[in-house]
Amino acid sequence: MSSESAEANEFRESPSHTRWVTDDQPATLREKVHLGFLTARGWGLFSAGVLALVLAFLMGRRELLAISLFLILTPLLAAFLLRFGNSALRITRSFNPQQATTGSSVRVRLHISSAGRGPATIQLSDTLPEDFGPGPEFFYPSRTATQGPEGSESFYEYRLRPAMRGIYAIGPVRARVSDVFGLAARPAAVDSASALLAVPVCEDLDPLGIPGEHGAHGQASSNRRLTPDSFEVMTREYHPGDTVRRIHWPATAKKGSLMVRQEDYRATPRAVLVLDRSRAAFLGQGVGSEPVLSIPQFTAPAGESSRSFEWGLHAALGIGAFLANTGFGIDLIDHRGKAINGISASGTEDAAELFTGPHARTRMQQALAALSLEDAVDPRHARTTATLAMSLKERMRERGDRLVLILGEITESQADTWLEVVGVRSKVTVLCVANHEKRLAPVIARFRQAGWAAVAVNPKTSLAHAWADLGRAS
C-alpha cells in the first residue's frame, strides 16, 4: 500500500454537520463479556497448575501448592489485565470522495500507527456491512511501514462500490489482542465505526422548459425571475422626511414633481415538491407485491424502500435540481407536510431552509440519501385533510409558486382527496408511480380534468421520457 503524501492530502475527515447518530458498532457477545480467552500456552499453564494442585494435596507438599497456585493464577491474571488493557494502535479512517454516489466507487484509507516500539505482527480486519461481503484482512505493521515521530505507521487502502443509497457503517477494525506472554487473547474492536454517506444519482433534465410554463404558441405564461431575493423599483410622491438620496430623478423629470424610490421586495419563487412516503402506495400486499429494499441508516435499524419509491425519489431529485437551477427555491416535503430535510436521517440541521443556490442539488442529494418509507402509523395520528391543506397554504405563498406531486399507486378516492387538499391551482404537476401504470388511468383522468399536468409511469420508465410526457400533457 502506498503512503505518498499527495494521496494523503486527498483524504479528509467526514463532514460533521450531519445529524446521524455516531454510536460505536455494536460489540459481539465475546467483546461484551470481556473475560479474555486463554491461548494454547495459557491453557497448558493452567492445566499444569491444576495437576500440581492435585498432587500437592495428595502428597502434602506445601512448596508444590505454591507452584500450583502460581501456574493457575498467572494465565487468569493475564486474562484479567487484558480486560482493562487498551490497544496501542491508533486508527484513522477516511474516504475519497467524502460522499459516495450509488454505482460509483469510493476509496477507503486506513492510517494505523502505534505508540512506542512497533508491536509484533498482528492480523487486522475491517468490518463491512453485509452488502459488501467480508471485510479486507491485513497485517500490521506492513512491509512498507515507516517510523514516524509517534512510532510505526502504515497505510492501507481498498475500494467500495455502494449499490444502494443510505448511511453505511464502515468499521470498526477488529483484531485478536493478546498479552505480552501470549497466555490470553480476546477479539477486540480497535476503533469505532465511520459513517459513509451514499447519495443517489441526480439526472439532468431537458432545459427547454417547465411543464405548464408555456402557452399554446410557446410563449412564457409567467414572468419568472431568475435572480432570487430581488427588488423591484417603484416610485411614489415625495413626503416630508424622505431622504434626498431616494429621489428618483428620471421619474421626477417625467412627472414634474419630486418622486422617490420605493423598493418592493420580491422573494424567491418557490416550488413545493411533495414526495409520497406512504407504505400503502409503494409496498402493495399479496401476489405481485414489490420486494422490500433495505436503506442502511448507520447504527439505527435499516429503513425500507421499494423500486417504485426509488423511482419517485429519483424523480424528486432530478426535478428539484432542475427547478433550483432555473431560479426556484425548493421546498421538499412528504405526504404529511413534513420537511424531508428534517425527517431524513441524512438531513442537515437547517431543516427549515429552502434548497436554493448553486449547492441546492448537493444538499438535496444528501437529504434524500437515507430517506425511507414511513413507519407503521397509528390510525389515531393519521393526517387530516385540513392539516395538509394548511401546510400547503403556508408554503404556497405567491401565484408564481409551483406544486409538484410525486405519488405512488393511489385510488380514485385518494385522488379526490388530493384535489380537495390542493384546491384550485393552475400550476400543478403530478407523477404517479406504479408497477402497472394502466391501473392509474382513472386517477390520471381526474387530475387532468382539474387542469393538472399528470402522467403515470412505472419503475422502468426513464425520467427524461416522463418529463417529456409531462410537457405534452400540460
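The values are calculated or read from the model by the stated rules, or taken from the named source; none is laboratory data. From a predicted model like this one, the values you see are computed outputs, not experimental measurements. Reconstructed Cβ throughout: ideal geometry from the backbone, glycine too, with neighbour counts over all protein chains shown. In case anyone asks, the SASA skips ligands and DNA or RNA and just uses the protein heavy atoms, side chains included. Shrake-Rupley method; radii C 1.70, N 1.55, O 1.52, S 1.80 Å.
Table for the structure above
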| read-out | value |
| --- | --- |
| Complete set of residues in the range 79-96 that are in contact with a Pro (Cβ under 9 Å, 6 or more places away or on another chain) and either among the small types (Gly, Ala, Ser) or at pLDDT below 85 (or both) | 88, 89 |
| Matching residues in the range 387-436 - criterion: being modelled with pLDDT under 90, out of contact with any helix residue (DSSP H, G or I) (no Cβ under 8 Å at 6 or more places or on another chain) and more than 20 Å from residue 338 (Cβ to Cβ) | 398, 399, 400, 424, 425, 426, 427, 436 |
| Tally, over the range 162-172, of residues that are modelled with pLDDT of 95 or more and either in contact with an Asp or Glu (Cβ under 6 Å, 6 or more places away or on another chain) or of a type in the set (Lys, Arg) (or both) | 1 |
| Residue that is modelled with pLDDT under 85 and either surrounded by fewer than 19 Cβ atoms within 10 Å (Cβ to Cβ) or within 22 Å of residue 101 (Cβ to Cβ) (or both), where the choices are 307, 246 | 246 |
| Per-region count, the range 113-146, residues at pLDDT 80 or above and either of a type in the set (Phe, Trp, Tyr) or assigned to a loop (DSSP other than H, G, I, E, B) (or both) | 11 |
| Residue identified as touching a residue at least 60 places away in the same chain (Cβ under 8 Å), open to solvent by 10 Å² or more (accessible area, probe 1.4 Å) and out of contact with any strand residue (DSSP E or B) (no Cβ under 7 Å at 6 or more places or on another chain) among 471, 451, 423 | 471 |
| Selection within the range 338-361 - within 15 Å of residue 272 (Cα to Cα) and open to solvent by less than 10 Å² (accessible area, probe 1.4 Å) | 340, 341, 355, 360 |
| Set 434, 464, 441: member being of a type in the set (Gly, Ala, Ser), within 26 Å of the chain's Cα centre (by Cα) and more than 27 Å from residue 328 (Cα to Cα) | 434 |
| Given (1) closer than 19 Å to residue 187 by Cβ; (2) modelled with pLDDT under 90, number of the condition residue 57 does not satisfy | (1) |
| Conditions (1) of a type in the set (Lys, Arg); (2) at pLDDT below 90; (3) more than 15 Å from residue 273 (Cβ to Cβ): number failed by residue 446 | (2) |
| Residue among 315, 324, 369 that alone is among the aliphatic types (A, V, I, L, M), at pLDDT 85 or above and open to solvent by 10 Å² or more (accessible area, probe 1.4 Å) | 324 |
| Tally of residues being modelled with pLDDT under 90, of a type in the set (S, T, N, Q) and surrounded by 15 or more Cβ atoms within 10 Å (Cβ to Cβ) across the range 263-298 | 1 |
| Within the range 276-368, strands (runs of 3 or more DSSP E) holding 2 or more residues that are small (Gly, Ala, Ser) | 300-305 |
| Test result for residue 222, among the hydroxyl-bearing types (Ser, Thr, Tyr), open to solvent by less than 50 Å² (accessible area, probe 1.4 Å) and either closer than 28 Å to residue 109 by Cα or at pLDDT 75 or above (or both) | no |
| Those residues of the range 175-196 which are open to solvent by 20 Å² or more (accessible area, probe 1.4 Å), part of a strand (DSSP E or B) and modelled with pLDDT under 90, in sequence order | 176, 177, 178, 186, 187, 189 |
| Positions within the range 432-446 being loosely packed, with under 12 Cβ neighbours inside 10 Å and closer than 16 Å to residue 311 by Cα, in sequence order | 436 |
